[in-house]
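Here's the structure we're looking at; comments come further down.
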Amino acid sequence: GASKERCHQETRREVGRAARMGGSWLNADGEPTVPMAEPCGTARHPRTWDLLWGTPGRAGLGCCACLLIAILVIVPLLLLVLGPSVVEMFFNAATLRVVNMTLADPTASRLYVEIYAEINNAGPVSAWLSSFNATLLDAGGRKLGWITHPDVHLVANQPATQHIRSYLTVIDAEAFREESQKLLAGRKLEWSVRGQTILRALGLPFAVTMRKRLDFEGARLDNFRARNVQIVSANASAGELYVDAEISFSSVSALEFLNMGTLEVELWYNPIANDPHRPGYGPASRRALGSRLCTPAMSAAGACGAGWEVSERIGTALFYGFKVRRGAIGSPRQPSLRASIRLWSSETSGRVAGRWAAQHEQSIISLGPINKAAYLDRVWQGLVHLDGSPVRLLTGALGSRETFVRGYDSQTGQECDVYRQGAEHCDKGALVMAHNPFHRRFALHSIEYDVYFEEQFEYDATFRVEALGLPLDLRAVSCAPTDAFARMRSKPGMWAFAPNHQGPDGAGYTGDAAERRAARLADEAVPFSPGGEAGAGTVPFFLTAFPMPGNAERTNRDGNTGPCVLGIATLDPFDCCMTTIFTAAGCKAAQRGRSHLDLLARGRATLEVDGLELVVYPDVRLPVSYTEDVLKFDVVRGTLLQDIGLLSRAGFTCDDVTFRGVSEPLWPQGQGRFPPPPAAPPPPAPPPGPPPPPPPPRVLA
């Protein structure tokens with residue numbers, strides 16, 4: 001019917017199209033040269049296109065078939081090709097922050113590490129990260145070392161904490177040392193972690209390259225302090241003094257050290273920065289200038305800052321069982337570290353010891369360790385605050401009739417005779433009290449101090465004599481302003497005041513009485529028995545006063561710098577201003593209601609321990625008491641001359657001293673540390689009364 005008619009129409013169209021093309025549409029064999037439709041009425045076989053797209057329903061089935069082919073073939077191909085890159089992109093986009101890191105058990109090429117690190121975001125899908133060897137690189141790309149990274153489970157869109165326990169094998173020792181120096185100096189570092197690993201996500205394994213930034217917060221050891229210093233022993237041949245100390249410090253960083261063993265560090269010192277008499281000296285200035293390490297090698301290479309003081313090495317220190325935990329080392333929870341200090345015998349070490357004995361706090365630079373592997377060599381530079389002695393080495397002094405007015409005869413051990421006051425026989429000075437701050441025995445000798453008052457004194461004085469009842473002004477004195485007192489020294493004869501002195505070892509002197517006395521008068525060492533903060537070890541000793549060079553010329557206004565009494569040295573070995581200044585200072589203190597004077601002593605002494613001699617330089621503030629005999633200076637009191645009435649007085653008192661210039665007036669108070677006297681209250685106002693009567697009216701004439 002209709003379909004057959006449509007077939008014939010299609011045939012006719014094909015024949016017409018061939019005719020229009022020109023030429024025959026049949027070949028030599030009578031076959032059409034153009035494709036012809038099947039003869040009308042014959043059955044045709046269906047084509048694939050017709051099966052899939054011939055009808056709308058078949059078209060829908062075709063789309064579903066293509067989509068299924070894409071899912072089963074193309075998507076896996078895309079996952080295999082692009083998946084690792086996508087997963088790696090999400091994984092490496094997260095940052096890695098070190099929460100805590102512990103270093104322990106260092107060897108020649110590796111050390112044990114335990115790290116808690118946090119990934120801020122694991123990515124859009126959960127995954128398992130397989131273990132691998134991770135390489136640590138610094139910001140410049142240098143390979144520092146490698147560790148074994150463990151398996152880690154990553155939860156989608158959540159931070160993840162990694163716990164790593166591994167040995168860190170050092171690759172570049174110099175790079176590792178430089179980075180460790182920055183880290184221990186408190187600088188924040190950015191390292192990176194590199195490595196090849198397998199990441200399992202969506203049930204599929206992906207080979208990824210880990211490139212992750214690792215942030216380190218700087219680590220600082222704060223409040224590093226050495227206290228409870230104790231002399232242990234000495235090695236005279238090596239020139240070393242061995243001292244123990246307790247070390248405390250605090251740490252708030254994420255870096256901790258355990259099982260580091262014994263660390264040996266160098267000790268460096270800046271003498272000028274720690275000088276308490278330096279202009280502008282103070283705790284902040286001392287710490288700032290004392291922390292500048294400028295070794296002689298650094299100075300020669302021009303590696304020090306402009307104007308930096310060249311540091312001097314004073315020895316080494318051994319820190320036993322060194323560890324650093326977050327918190328305070330030296331607290332009840334974490335006991336202090338024990339350190340053994342090897343102090344070299346040198347002038348700088350002597351200044352450290354002297355300032356410690358004078359109870360000054362000091363700043364010492366430590367640099368180390370120097371006994372570990374190359375990758376840890378001198379990675380830490382810290383400032384150690386050395387506390388001063390808990391007790392004073394020199395606790396006080398006494399000026400009295402016996403010590404300063406009359407003196408002790410260095411040849412007989414008795415009180416000096418009036419006619420034997422010369423320096424070759426008679427020692428005048430002060431009795432000094434000292435205390436041993438250590439728990440072991442040591443000795444001091446060759447002591448020499450320049451002693452100054454805390455203020456200047458300017459005065460006139462009169463040396464008066466009363467012979468046979470007749471008063472006589474023997475000598476008028478006028479002294480220019482000065483704060484210098486005397487140069488005090490230890491010398492043979494210093495034990496003349498102590499007939500029971502038992503010698504340097506406490507065992508006493510040997511021989512008969514004369515030999516023991518000669519040995520005592522020849523002894524010039526001060527032995528200290530074991531003491532300490534709560535122990536014994538207190539010893540008195542005598543220091544002889546000598547004129548301070550050049551002071552007589554500066555103070556005696558009349559230019560007379562010879563012996564004060566009649567110019568005879570055997571009657572008075574000192575010039576007039578030195579003879580009178582102790583009494584004048586005592587009179588001024590008495591006017592202020594004080595029973596002692598504050599003196600500053602600057603000098604040196606030789607410390608002897610186990611045959612080692614170390615010259616120390618203690619600068620101390622020394623309270624000196626005085627007796628009434630000093631205020632009433634009289635060389636003949638209690639002598640035969642006074643008893644027989646031949647010479648009843650020879651000296652001066654506070655009434656004979658007139659203060660002038662810088663020392664006058666004493667009143668009103670309110671100058672220096674002396675408070676002003678309380679102001680007198682105003683007189684009371686008269687009580688109110690009735691008003692006065694008005695004046696009478698004026699009467700005009």
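General remarks:
- A residue that is among the hydroxyl-bearing types (Ser, Thr, Tyr), under 30 Å from Gly307 (Cβ atoms) and open to solvent by 50 Å² or more (accessible area, probe 1.4 Å) cannot be found anywhere in region 265-275.
- Residue in region 658-679 that is modelled with pLDDT of 90 or more, crowded, with 17+ Cβ neighbours inside 10 Å and touching a Ser or Thr at 6+ places or on another chain (Cβ under 6 Å) present: no
- Whichever residue in region 499-531 is in a helix (DSSP H, G or I) and either basic (Lys, Arg) or at positive phi (or both) and, among such residues, is surrounded by the most Cβ atoms within 10 Å (Cβ to Cβ): Arg520
- Among the conditions (1) touching a residue at least 60 places away in the same chain (Cβ under 8 Å); (2) out of contact with any strand residue (DSSP E or B) (no Cβ under 8 Å at 6 or more places or on another chain), the only one that Val310 does not satisfy is (1).
- Residue match in region 255-263 (condition: assigned to a loop (DSSP other than H, G, I, E, B) and under 16 Å from the mean Cα position of the chain (by Cα)): no
- Within region 222-253, the set of residues being in a loop (DSSP other than H, G, I, E, B) and surrounded by 19 or more Cβ atoms within 10 Å (Cβ to Cβ) comprises just one member, Ser253.
- Selection from region 545-564 of residues that are surrounded by 18 or more Cβ atoms within 10 Å (Cβ to Cβ) and outside any loop (DSSP other than H, G, I, E, B): Ala545, Phe546, Asn551, Ala552, Thr555, Asn556
The rows are residues; the columns are (1) modelled with pLDDT of 95 or more; (2) more than 22 Å from Asn259 (Cβ to Cβ); (3) open to solvent by 80 Å² or more (accessible area, probe 1.4 Å); (4) in a strand (DSSP E or B).
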{"residue": "Gly305", "(1), (2), (3), (4)": "no, yes, no, no"}
{"residue": "Trp308", "(1), (2), (3), (4)": "yes, yes, yes, no"}
{"residue": "Thr316", "(1), (2), (3), (4)": "yes, no, no, yes"}
{"residue": "Arg342", "(1), (2), (3), (4)": "yes, yes, yes, yes"}
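- Within region 450-478, the set of residues being in contact (Cβ under 8 Å) with a residue 40 or more places away in the chain and of a type in the set (Asp, Glu) comprises Asp450, Glu454, Glu455, Glu458, Asp460, Glu466.
- For region 475-498, the count of residues that are basic (Lys, Arg), within 18 Å of Glu424 (Cα to Cα) and assigned to a helix (DSSP H, G or I) is zero.
- Sub-7 Å Cβ pairs linking a first residue in region 204-225 that is over 22 Å from Asp151 (Cβ atoms) to a second residue that is acidic (Asp, Glu) and in a strand (DSSP E or B), at least 6 apart or interchain, are Asp215/Glu190, ordered by first then second residue.
- Among residues of region 264-283 that are within 17 Å of Glu347 (Cα to Cα), none has a beta-carbon under 6 Å from a residue that is assigned to a loop (DSSP other than H, G, I, E, B) and open to solvent by 70 Å² or more (accessible area, probe 1.4 Å) at least six positions away or on a different chain.
- Where Trp380 falls short, out of the listed (1) on the phi < 0 side of the Ramachandran plot; (2) open to solvent by 40 Å² or more (accessible area, probe 1.4 Å): (2)
- Among the residues of region 275-284, those that are over 12 Å from the mean Cα position of the chain (by Cα) and of a type outside the set (Phe, Trp, Tyr) comprise Asp275, Pro276, His277, Arg278, Pro279, Gly280, Gly282.
- Taken together, Gly537, Gly550, Gly469 contain a single residue that is within 44 Å of the chain's Cα centre (by Cα) and modelled with pLDDT under 90, which is Gly537.
Results for (1) within 16 Å of Pro623 (Cα to Cα); (2) at pLDDT 90 or above; (3) among the hydrophobic types (A, V, I, L, M, F, W, C); (4) in a strand (DSSP E or B), shown as yes or no for each residue.
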{"residue": "Glu424", "(1), (2), (3), (4)": "no, no, no, no"}
{"residue": "Ala430", "(1), (2), (3), (4)": "yes, yes, yes, yes"}
{"residue": "Ala434", "(1), (2), (3), (4)": "yes, yes, yes, yes"}
{"residue": "Glu455", "(1), (2), (3), (4)": "yes, yes, no, yes"}
{"residue": "Glu458", "(1), (2), (3), (4)": "no, yes, no, yes"}
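- Filter result for Leu337 (within 15 Å of the chain's Cα centre (by Cα) and under 26 Å from Pro283 (Cα atoms)): no
- Single residue of region 383-427 satisfying the filter (farther than 30 Å from Gly531 by Cα and β-branched (Val, Ile, Thr)) that is most open to solvent (accessible area, probe 1.4 Å): Thr412
- Within region 383-405, being touching a Gly at 6+ places or on another chain (Cβ under 9 Å) and either of a type in the set (S, T, N, Q) or within 30 Å of Gly145 (Cα to Cα) (or both) holds for Leu383, Thr403.
- Residue within region 159-175 that is among the acidic types (Asp, Glu), open to solvent by 70 Å² or more (accessible area, probe 1.4 Å) and in a helix (DSSP H, G or I) present: yes
- Positions within region 194-209 being surrounded by fewer than 16 Cβ atoms within 10 Å (Cβ to Cβ), part of a strand (DSSP E or B) and among the small types (Gly, Ala, Ser), in sequence order: Ala207
- Residue match in region 274-281 (condition: over 14 Å from His360 (Cα atoms), in contact with a Cys (Cβ under 9 Å, 6 or more places away or on another chain) and either at pLDDT 95 or above or not hydroxyl-bearing (Ser, Thr, Tyr) (or both)): no
- Hits in region 58-96 - residues which are surrounded by 17 or more Cβ atoms within 10 Å (Cβ to Cβ) and at pLDDT 70 or above: Leu96
- If you go through region 120-136 and keep only what is out of contact with any helix residue (DSSP H, G or I) (no Cβ under 6 Å at 6 or more places or on another chain) and open to solvent by less than 20 Å² (accessible area, probe 1.4 Å), you end up with Ala122, Ala127, Leu129, Phe132, Ala134, Leu136.
- Scope region 284-303; condition open to solvent by less than 40 Å² (accessible area, probe 1.4 Å) and assigned to a loop (DSSP other than H, G, I, E, B); matching residues: Leu293, Cys294, Thr295
- So Glu458, is it within 24 Å of Thr580 (Cα to Cα) and out of contact with any helix residue (DSSP H, G or I) (no Cβ under 7 Å at 6 or more places or on another chain): no
- In region 184-196, the residues that are within 12 Å of Arg213 (Cβ to Cβ) reach residues that are open to solvent by less than 50 Å² (accessible area, probe 1.4 Å) and polar (S, T, N, Q) with C-beta atoms within less than 6 angstrom, at least six apart or across chains, in these pairs: Arg194/Thr135.
The values are calculated or read from the model by the stated rules, or taken from the named source; none is laboratory data. On a predicted model such as this, the values are computed, not experimentally measured, just so you know. Methodologically, a virtual Cβ is constructed for each residue, glycine included, from the backbone with ideal geometry; neighbour enumeration extends over all protein chains shown. Ligands, DNA and RNA are excluded from the accessible area calculation, which covers all protein heavy atoms including side chains. Shrake-Rupley method; radii C 1.70, N 1.55, O 1.52, S 1.80 Å.
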